[in-house]
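Here's the structure we're looking at; comments come further down.
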Amino acid sequence: MARVLICEPHDDISALLELVVRRLGHEPVLYDGHDGDARSGAFDAAVIEPGEEDGLRLARELRAAKVPVCFASIYPADNALLALEPSAYLVKPFPLYALERALVTALEPSGQPVAAAV
């Protein structure tokens, strides 16, 4: 079972992301505004809304630690975000199976980053 950090500013969407992570058999951890765990390497992957300042900062820290990150955003991808090499970049609204597939890929030992938005 993997630990998946969720950083989403909207409670309803966060709860939905948490449900998807649980359904895949992993442990969701909701971001609480503290970066200590992110720096300690306590996560196997993350789902982040990069449109918020906290999310973008957290994504940079996690990617520096080689933690796979899936972006789930209301904004389309731009070069600065794609430079972080996310495992997936999903534009809301997206089908839940797209997030499931992105997390499975991110958690594979040889998971390769993708640049295409779903």
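Observations, loosely collected:
- The convex hull around the C-alpha trace of the range 23-110, projected and averaged over every direction, spans 5.6 square nanometres.
- Other-chain or far-sequence residues with amide H under 5 Å of Leu5's (modelled H): Val29, Asp44, Ala45, Ala46, Val47
- Cα centroids of the range 39-71 and the range 14-34: 14 Å apart.
- Dipole of the chain, positive end: most advanced residue of Ala80, Val21, Thr105 [Cβ charges, Cα centre]: Thr105
- The share of accessible area on the chain that comes from carbon and sulfur is 54 percent, using a 1.4 angstrom probe.
- Point-to-point label distance, Leu30-Glu100, nm (Cα→Cβ direction, 7 Å offset): 2.3
The values are calculated or read from the model by the stated rules, or taken from the named source; none is laboratory data. Given the structure is predicted, the values throughout are model-derived calculations rather than measurements. Cβ sites come from the backbone with ideal geometry, for glycine too, and all protein chains shown count toward neighbours. Just the protein is used for accessible areas: all its heavy atoms, side chains included, with ligands, DNA and RNA removed. Shrake-Rupley method; radii C 1.70, N 1.55, O 1.52, S 1.80 Å.
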